[in-house]
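J.: Sending over a structure as structure tokens; questions will come in a sec.
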Amino acid sequence: MKIRAFFLHSRVLCCLCFFLSTALGLPAVQGMLIQYLPNRGEAGDWIREGEPQHFEGEALYEYIDGGAEIYHEYGFKRVTVQDFVNRTGKSVSVEVFEMTNSESAYGIFTFKTHKAGRKVSIGADAQLADYYLNFWKGNILVTLTGFDETSETRDGLLLLAQVIDTKLDLSGKRPWIVSYLPRENFMSQSVKYFKGILGLRNSHPFFVLNIWGFEEGAKADYAKGYSVFIFRFKDSDRSFGQYGQLKKRSAEHPEYKVHKTANKEIFTALDNRERRFFVSIHRASIFLVLGDIDHIQALEIFQKIQEEIGD
Amino acid sequence: MDNKIGRREFFKKSAQIGFSTALGFGFVSLTEGRVSLSGDESVDICVATGSDYHATTLKTVECLGGMKKFVPQDAKVALLPNSQSRHPGTFTKPEVVRAVIEMCNKAGAKEVNCLTWLKREYWEDSGLAAAVDEAGATMRFIEPEEANFKSVPVPGWKAMKEVMIMKEFYNNDVFIDMPIIKDHAGNKFTGTQKNLMGLNFRTNNRLFHRQDWQTNPESVEYLDQCIVDLNKVVKPTLCVVDATEFITTNGPFGPGELAKPQKIVAGVDRVAIDAYCTTLWGMKGEDIYMIKLGSEQGLGEIDLNKVKIKEIKA
């Protein structure tokens with residue numbers, strides 16, 4: 001009965017949105033995102049200022065010139081942008097991004113957040129920084145940006161985000177691969193989820209270790225000074241192919257020093273900045289540990305990830 | 001074009017104040033990256049630090065010998081600030097632009113033009129349009145239509161055979177590149193070199209991104225090579241870089257984590273300036289492929305041990 005009631009509720013909501021947006025002269029999809037924005041009186045003295053802007057698909061380049069690619073890498077559908085002002089003249093810009101699915105929304109959320117941000121309880125995950133707030137829920141990412149770092153602006157960000165959250169009747173799960181990252185010394189706000197090489201390269205400049213062709217990847221920083229990466233490939237042919245390439249490129253690089261290990265499924269090297277990294281392969285996955293860590297600790301980490309992934 | 005000063009007269013004036021012209025482009029430019037100061041002193045990059053960004057900008061250019069070294073009497077000056085987004089730390093600050101315009105006018109510039117093919121809203125929202133207007137320069141909004149851009153072959157190209165530079169650009173005698181440094185999804189860093197995409201036709205810029213860039217790392221590197229090729233066509237007379245407050249994550253649009261070194265960096269050598277600026281957020285020039293390629297292909301010096309940097313407090 002509950003399931004039937006849920007579908008009935010969703011259908012009624014969709015029809016209502018379509019009707020309202022058509023009546024207002026807006027394409028249905030734009031109306032869908034506007035419905036999540038706070039109306040007058042719903043978020044204290046914060047009210048909408050000016051007209052909302054909408055960008056769909058490739059038109060995102062008109063809004064984010066030179067920076068739209070990363071949204072498309074994760075899977076972008078459309079965005080609605082609306083400014084809000086309060087009585088004292090403070091201003092907040094709200095961007096509601098509809099992504100392809102919840103993994104896309106989570107991915108771009110991790111791309112846009114930073115380990116120094118403060119976790120707050122809004123949506124599925126939310127992070128408040130000095131002058132902006134990001135949260136995701138279902139296939140939606142919401143970015144709220146203030147234009148100063150005052151407590152009044154930050155309070156406004158939180159209030160507006162909370163109201164939007166109540167309007168988002170959506171749910172979605174984090175990608176499984178993120179749960180394979182070891183939890184010991186784990187810096188939870190540092191997690192990144194990758195769907196392509198732009199996100200990966202922005203997280204770490206792998207000139208030699210160009211890892212590509214993966215289906216998805218995840219990364220986290222650890223309090224002891226190292227980072228762990230996990231990449232999942234479509235099949236083990238591809239993962240072994242990439243592993244072989246990584247090993248070859250590292251060995252051929254004049255400034256890298258590759259050290260032999262007893263296990264052919266693990267190699268270790270020093271990069272051109274004397275940073276140690278370890279790479280391991282397990283079926284269709286490649287694991288990489290980078291930073292201040294010794295051989296034994298790296299092996300323990302690889303072991304833990306393998307246990308989590310299982311067969 | 002009528003009010004453009006005669007080339008002979010212009011070059012004569014340029015020569016009098018110690019300049020030569022960049023081959024083929026008609027812009028006043030230094031023969032080498034290093035700027036001669038009084039006596040035997042010379043410098044590649046001047047860096048001033050201070051919380052008053054207008055005053056800091058004035059000090060930085062003063063440290064290089066003053067704007068007269070770069071802007072001859074009656075020159076028409078093109079400025080290229082970055083106004084990509086209104087989020088904090090993503091656009092060249094209006095105080096910095098205002099200071100540069102004031103210095104150009106004081107040096108005797110005939111006109112100062114701020115060039116862009118972006119929409120007016122970008123400039124109004126960031127406060128840059130008002131700053132340009134108040135300081136006595138002109139905003140030149142170029143419609144992003146092919147007819148307003150000129151195809152220019154790239155000498156020694158590796159990825160882009162030709163680029164499409166806005167025609168209006170060539171109505172000027174001096175070019176001042178004025179980026180804000182910041183994070184960039186893909187390149188990781190944007191500074192003096194990448195900023196030149198603001199002169200290039202948007203459709204041509206899109207060609208910098210290959211179809212398979214999402215799956216092929218060589219295509220990300222292709223973007224870097226295209227930017228370096230673009231820089232072979234346009235050489236700034238001077239770079240005045242906003243490194244006061246900038247985003248180090250989620251670039252180029254933001255919002256992102258803000259670094260606040262409160263610095264203005266000026267000089268002629270784009271590669272050296274970009275390499276220096278990467279150090280402001282814990283990187284090295286070699287970490288950024290575009291800077292590495294720029295150095296390898298003769299655009300400037302990446303090794304900061306070979307670069308004369310003068311740091312001052314504003």
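J.: Within segment A:240-266, work out how many residues are within 29 Å of the chain's Cα centre (by Cα) and without any contact (Cβ under 8 Å) to a residue 40 or more places away in the chain.
T.: Within segment A:240-266, residues that are within 29 Å of the chain's Cα centre (by Cα) and without any contact (Cβ under 8 Å) to a residue 40 or more places away in the chain number 5.
J.: Tell me, yes or no, whether segment B:266-281 has at least one residue that is aromatic (Phe, Trp, Tyr) and more than 17 Å from the chain's Cα centre (by Cα).
T.: Checking segment B:266-281: at least one residue is aromatic (Phe, Trp, Tyr) and more than 17 Å from the chain's Cα centre (by Cα).
J.: Going by the structure shown, is residue B:89 modelled with pLDDT under 95 and at positive phi?
T.: So residue B:89 fails the test.
J.: Could we say that residue A:193 is modelled with pLDDT of 95 or more, more than 16 Å from the chain's Cα centre (by Cα) and on the phi < 0 side of the Ramachandran plot here?
T.: no
J.: Still on this structure, please answer the following. Return yes when residue B:115 is touching a residue at least 12 places away in the same chain (Cβ under 8 Å) and touching a Pro at 6+ places or on another chain (Cβ under 6 Å) and no when it is not.
T.: No: the conditions fail for residue B:115.
J.: Determine if segment B:108-120 includes at least one residue that is assigned to a helix (DSSP H, G or I), crowded, with 18+ Cβ neighbours inside 10 Å and touching a Leu at 6+ places or on another chain (Cβ under 9 Å).
T.: no
J.: Please go through (1) in a loop (DSSP other than H, G, I, E, B); (2) more than 14 Å from chain A (Cβ to nearest Cβ); (3) under 27 Å from residue B:293 (Cβ atoms); (4) not basic (Lys, Arg) for residue B:136 and return the number of the only condition it doesn't satisfy.
T.: (3)
J.: Something else now. Among (1) out of contact with any helix residue (DSSP H, G or I) (no Cβ under 6 Å at 6 or more places or on another chain); (2) in a helix (DSSP H, G or I); (3) not aromatic (Phe, Trp, Tyr), which single condition is residue B:255 missing?
T.: Just one mismatch for residue B:255, condition (2).
J.: Now for a different question. Would you confirm, using the coordinates I've provided, whether residue B:160 is closer than 23 Å to residue A:69 by Cα and either in a strand (DSSP E or B) or more than 13 Å from every other protein chain (Cβ to nearest Cβ) (or both)?
T.: Taking the combined requirement at face value, the residue satisfies it.
J.: In segment B:71-81, what residues are out of contact with any Asp or Glu (no Cβ under 8 Å at 6 or more places or on another chain) and either in a loop (DSSP other than H, G, I, E, B) or surrounded by fewer than 24 Cβ atoms within 10 Å (Cβ to Cβ) (or both)?
T.: B:71, B:73, B:74
J.: Within segment B:184-207, track down each residue that is over 21 Å from residue B:300 (Cα atoms) and out of contact with any Phe, Trp or Tyr (no Cβ under 7 Å at 6 or more places or on another chain).
T.: Of everything in segment B:184-207, those that are over 21 Å from residue B:300 (Cα atoms) and out of contact with any Phe, Trp or Tyr (no Cβ under 7 Å at 6 or more places or on another chain) turn out to be B:184, B:185, B:186, B:200, B:203, B:204, B:205, B:206, B:207.
J.: Anything in segment B:139-183 that is surrounded by fewer than 14 Cβ atoms within 10 Å (Cβ to Cβ) and polar (S, T, N, Q)? List them, or say none.
T.: B:151
J.: Here's another thing I want to ask about it. Mind listing just one residue for me: the one in segment B:260-289 that is in contact with a Lys or Arg (Cβ under 9 Å, 6 or more places away or on another chain) and within 14 Å of another protein chain (Cβ to nearest Cβ) and, of those, modelled with the lowest pLDDT?
T.: Among those residues, the one meeting the criterion is B:287.
J.: From A:78, A:87, which residue is over 20 Å from residue B:90 (Cβ atoms), touching an Asp or Glu at 6+ places or on another chain (Cβ under 8 Å), more than 8 Å from every other protein chain (Cβ to nearest Cβ) and part of a strand (DSSP E or B)?
T.: Of the residues listed, the single one that is over 20 Å from residue B:90 (Cβ atoms), touching an Asp or Glu at 6+ places or on another chain (Cβ under 8 Å), more than 8 Å from every other protein chain (Cβ to nearest Cβ) and part of a strand (DSSP E or B) is A:78.
J.: While we're looking at this one, here's another question. Being part of a helix (DSSP H, G or I) and on the phi > 0 side of the Ramachandran plot is the filter here, so list the residues in segment A:148-187 that pass it.
T.: Once the filter is applied, which keeps residues that are part of a helix (DSSP H, G or I) and on the phi > 0 side of the Ramachandran plot, segment A:148-187 yields nothing.
J.: For segment B:230-253, state whether one or more residues are on the phi < 0 side of the Ramachandran plot, crowded, with 24+ Cβ neighbours inside 10 Å, within 11 Å of chain A (Cβ to nearest Cβ) and hydroxyl-bearing (Ser, Thr, Tyr).
T.: Within segment B:230-253, one or more residues are on the phi < 0 side of the Ramachandran plot, crowded, with 24+ Cβ neighbours inside 10 Å, within 11 Å of chain A (Cβ to nearest Cβ) and hydroxyl-bearing (Ser, Thr, Tyr).
J.: Shifting gears a bit: With respect to residue A:92, is the statement that it is buried (at least 20 other Cβ atoms within 10 Å of the Cβ) and either within 14 Å of another protein chain (Cβ to nearest Cβ) or within 19 Å of the chain's Cα centre (by Cα) (or both) true?
T.: The answer is yes for residue A:92.
J.: Test each condition in (1) within 16 Å of residue B:179 (Cα to Cα); (2) assigned to a loop (DSSP other than H, G, I, E, B); (3) hydroxyl-bearing (Ser, Thr, Tyr) for residue B:278 and report the one that comes out false.
T.: Single failed check for residue B:278: (2).
J.: Any idea which residue in segment B:168-219 is farthest from residue A:204 (Cα to Cα), counting only those that are within 13 Å of chain A (Cβ to nearest Cβ) and of a type in the set (Asp, Glu)?
T.: In this case the residue turns out to be B:212.
J.: Condition test on residue B:292, is it farther than 22 Å from residue B:37 by Cβ, charged (D, E, K, R) and over 19 Å from the mean Cα position of the chain (by Cα)?
T.: Against the criterion (farther than 22 Å from residue B:37 by Cβ, charged (D, E, K, R) and over 19 Å from the mean Cα position of the chain (by Cα)), residue B:292 does not qualify.
J.: Looking only at segment A:98-118, filter to residues that are hydrophobic (A, V, I, L, M, F, W, C) and more than 12 Å from every other protein chain (Cβ to nearest Cβ); which one of those is surrounded by the fewest Cβ atoms within 10 Å (Cβ to Cβ)?
T.: A:99
J.: Can you find a residue that is touching a residue at least 24 places away in the same chain (Cβ under 8 Å), among the aliphatic types (A, V, I, L, M) and under 29 Å from residue B:68 (Cα atoms) anywhere in segment B:211-224?
T.: no
J.: Quick one: how many residues across segment A:39-89 are among the polar types (S, T, N, Q) and loosely packed, with under 14 Cβ neighbours inside 10 Å?
T.: Counting residues in segment A:39-89 that are among the polar types (S, T, N, Q) and loosely packed, with under 14 Cβ neighbours inside 10 Å gives 2.
J.: Follow-up question, since we're still on this one. Of everything in segment A:273-292, what is touching a residue at least 24 places away in the same chain (Cβ under 8 Å), within 22 Å of residue B:287 (Cα to Cα) and not small (Gly, Ala, Ser)? Give them in sequence order.
T.: Selection gives A:277, A:278, A:279, A:288, A:289, A:290, A:292.
J.: For the subset of segment B:69-121 comprising residues that are basic (Lys, Arg) and under 20 Å from residue B:235 (Cβ atoms), which member is farthest from the other protein chains (Cβ to nearest Cβ)?
T.: Once the filter is applied, the top-ranked residue is B:69.
The values are calculated or read from the model by the stated rules, or taken from the named source; none is laboratory data. As the structure is a computational prediction, the values presented were derived from the model and not from experiment. In this analysis, Cβ positions are derived from the backbone assuming ideal geometry, glycine residues included, and neighbour counts consider all displayed protein chains.
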